[in-house]
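*Asks:* Structure incoming, see below.
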Amino acid sequence: SAPARRNPFSSLDNAPRGAGTSQPRERGQRPLPTPTGGSPSAAPFWQLLESVCEDKPTRRAEPSERTNILALTHDLHLPVAVPEVPSSPRHEFPADWSLKTRLLFMSSQPFTWAEHLKAQEEAQGFAQHCRATETNLPQSIQEPKLSTELRCAFQQSLVYWLHPSLPWLQLFPRIGADRKLVGKATPWSQDEALLQVLMSDWSVSFTSLYNLLKARLCPYFYVCTYQFTILFRAAGLAGSDVVTAVISPTTRGLREAMRNEGIEFSLPLVEESRTRKQKNSEVNLETEVADSLKAGNSLEDGEEPTPSDDDDDDDDESFSWLEEMGVQDKVKKPDTISIKLRKEKHEVQVDHKPESLALVKGTNTFTLLNFLINCKSLVAVAGPQAGLPPTLLSPVAFRGGTMQTLKARSINAKARVHLAYEDIFSLEIVGPVMPHSLHALTTLLKAAQRGAFSAVLYTHEPTAVFNTATDAANPALNKETVCKDLAACGLHPKTLDQLSQCPTLGKSSIRFLEMKDYAYTWKS
């Protein structure tokens, strides 16, 4: 008889443990808590425990996948820091402008419909993407595996466009990617002519994307450098009636270079913090005055209110009293540089942090385009990324762009519910998942999984701050006008409607998304 199959996932468990629980387990396997009840798809994802191999997997895993399966199952056991109170159920979740590196969908219904697409279905999916074909599925599909329309739409939702295309290099994410690029062939680092060709092609592709964006034929695109990421959005998206670009993280050096090029920009989070401090200072001052009057004391008898940051603007005028006394030459005053440094102190403190988010809007985005094309520091001069142009990511085709697809695979596992095991099915999506892909995939799963699934979303952290509401947002923007103006941008009308809303997630992003009875709840 064949030897008993060992469970390769028996030692993988990072889930929170219940106090005082003790359950029989295999040798070397750690105890697992038992969910409180309900179906696996409705249970919180950290309760989907003790994944095991199926005796007959749906498809043979490739050698590289066998290693990744361990990591995937390990992810099922990783709790994510989430707020205690989730959102109230809604029929749509808010737009999430952050880039995702992975999505992990889970459901009590199998994902067999997403496996082994036929050549005809794959080709049809590519054609639908290139022609921006709208696919409208019924609310529920009884036999998803037999639905050619669903499978073609799935292939369509996985497509994205990339530049440059260097198959032996991982071009996303770029921030913190040095370790993954060490030892890879980079012939341009030793060949100046090749480097010039690469940068010239990149400039053409970047300009092509911007022109498409301005013509509202491209909804948005990302520029991913080794130090920061830029999101360009067309007019009408994120509640703005002009083209916008958000950059994060930034440094004082980058901001100074942008100012020197005449690029007007704002730091929304810094300004918001300054306004909040000023209001608090005013409230504190009013409280002190009221307390002093109540105690029968004048304001002179009390402590002076703490000056706000804005008081620095009057530094040059604050020494006029010295002139009146005739001693202005005998007292050492702070020089201009000292005053400037004091003014920029708060701004410098936010370098490399989410609060350093910079917003560029309107015609200044064109100046930003030219600045980036000519910016020497845009490309690393040393290290594994030396000479490598920034990565351009777009939902639509552009000059020099290469069609790519997100990687998808399904895995079957078991979840312990009460004293029994129940099947739990998962679908993993890997790659640079942009906002439109997330919305398209959830729309498909809504129909295929009968309105019940959950998802863990892995965010590329430097881009989470792109969900900040900017001062360019216009809540009164007409939805019908936006949909009409961006009708040819390549997005489904429902996706376009979601992305046109003003951002509401702030500096955070959606980490966990759940659909139950066709209604969404999420945690950020």
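*Asks:* Mind listing which chymotrypsin sites (Phe, Trp or Tyr not before Pro) in the range 401-471 are in a DSSP loop and have 15 or fewer other Cβ atoms within 10 Å? Provide the component values of the computation, followed by the final result.
*Replies:* Working: sites: Y421, F425, F453, Y458, F466; in loops: none.
Counting only loop positions with at most 15 other Cβ atoms within 10 Å, none of the chymotrypsin sites (Phe, Trp or Tyr not before Pro) in the range 401-471 qualifies.
*Asks:* Apply the Karplus curve 6.51 cos²θ - 1.76 cosθ + 1.60, θ = phi - 60°, to the phi angles in the range 427-436 and return the couplings in whole Hz, x for Gly and Pro.
*Replies:* 10, 9, 10, 10, x, x, 7, 8, x, 5
*Asks:* Would you pull out the residues with amide H under 5 Å of K353's amide H, same chain only if 5 or more places away, H placed 1.01 Å from N?
*Replies:* Residues meeting the criterion, in which the H sits 1.01 Å from N, are T250.
*Asks:* What residues of the range 219-248 lie in the reach of a label at C375, counting those whose backbone N is under 15 Å from a point 7 Å from the Cα along Cα→Cβ?
*Replies:* The answer is 222-233, 245-248.
*Asks:* With a probe of 1.4 Å, find how much accessible area the range 147-244 has per residue, and write the answer as a whole number in Å². Could the numbers behind the result be given before it?
*Replies:* On the way: 3840 Å² over 98 residues.
For the range 147-244, the solvent-accessible area averages 39 Å² per residue.
*Asks:* Next question. Just to be sure I understand the model, the point goes 7 Å from the Cα along the line to the Cβ. What's the resulting E461 to K118 distance in nm?
*Replies:* For the pair E461/K118, the computed spacing is 4.6 nm.
*Asks:* Let me ask another. Let me know the shape class of the range 150-225, please: from the alpha-carbon gyration tensor, a ≥ b ≥ c as square roots of the eigenvalues, rounded when a/c is under 1.5, otherwise prolate if a/b is greater than b/c, or oblate. Walk me through the numbers before you get to the answer.
*Replies:* Details: a/c = 2.37, a/b = 1.37, b/c = 1.73.
Verdict is oblate for the range 150-225.
*Asks:* Given a Förster radius of 56 Å and the C-beta distance between N136 and E272 as r, what FRET efficiency does 1/(1 + (r/R0)^6) yield to the nearest 0.05?
*Replies:* Plugging the Cβ-Cβ distance into 1/(1 + (r/R0)^6) gives 0.90.
*Asks:* Evaluate E = 1/(1 + (r/R0)^6) for E261 and D517, where r is the Cβ-Cβ distance and R0 equals 41 Å; express this FRET efficiency to the nearest 0.05. Present the calculation step by step, with values, prior to reporting the outcome.
*Replies:* On the way: r = 53 Å, r/R0 = 1.29.
FRET efficiency, E261 to D517: 0.20.
*Asks:* Then there is this: At what distance in nm do the modelled label points of Q349 and K479 sit from each other, each positioned 7 Å from its Cα along Cα→Cβ?
*Replies:* 4.1 nm
*Asks:* Follow-up. In sequence order, what are the phi-derived ³J(HN,Hα) couplings for the range 388-400 according to the Karplus relation 6.51 cos²θ - 1.76 cosθ + 1.60 with θ = phi - 60°, rounded to whole Hz, with x for glycine and proline?
*Replies:* The phi angles translate into 7, x, x, 7, 9, 10, 9, x, 10, 5, 8, 4, x Hz.
*Asks:* Right, here's the next one. Give me the 1.4 Å probe accessible area per residue for the range 378-472, excluding ligands and nucleic acids, in Å². Mind dumping the intermediate values first?
*Replies:* Details: 2840 Å² over 95 residues.
For the range 378-472, the per-residue accessible area is 30 Å².
The values are calculated or read from the model by the stated rules, or taken from the named source; none is laboratory data. Predicted model, so just to flag it, every value in this text is computed and none were measured. Neighbour counts run over all protein chains shown; Cβ positions are idealised from the backbone, glycine included. Just so you know, the surface numbers come from the protein's heavy atoms only, side chains and all, with ligands and any DNA or RNA stripped out. Shrake-Rupley method; radii C 1.70, N 1.55, O 1.52, S 1.80 Å.
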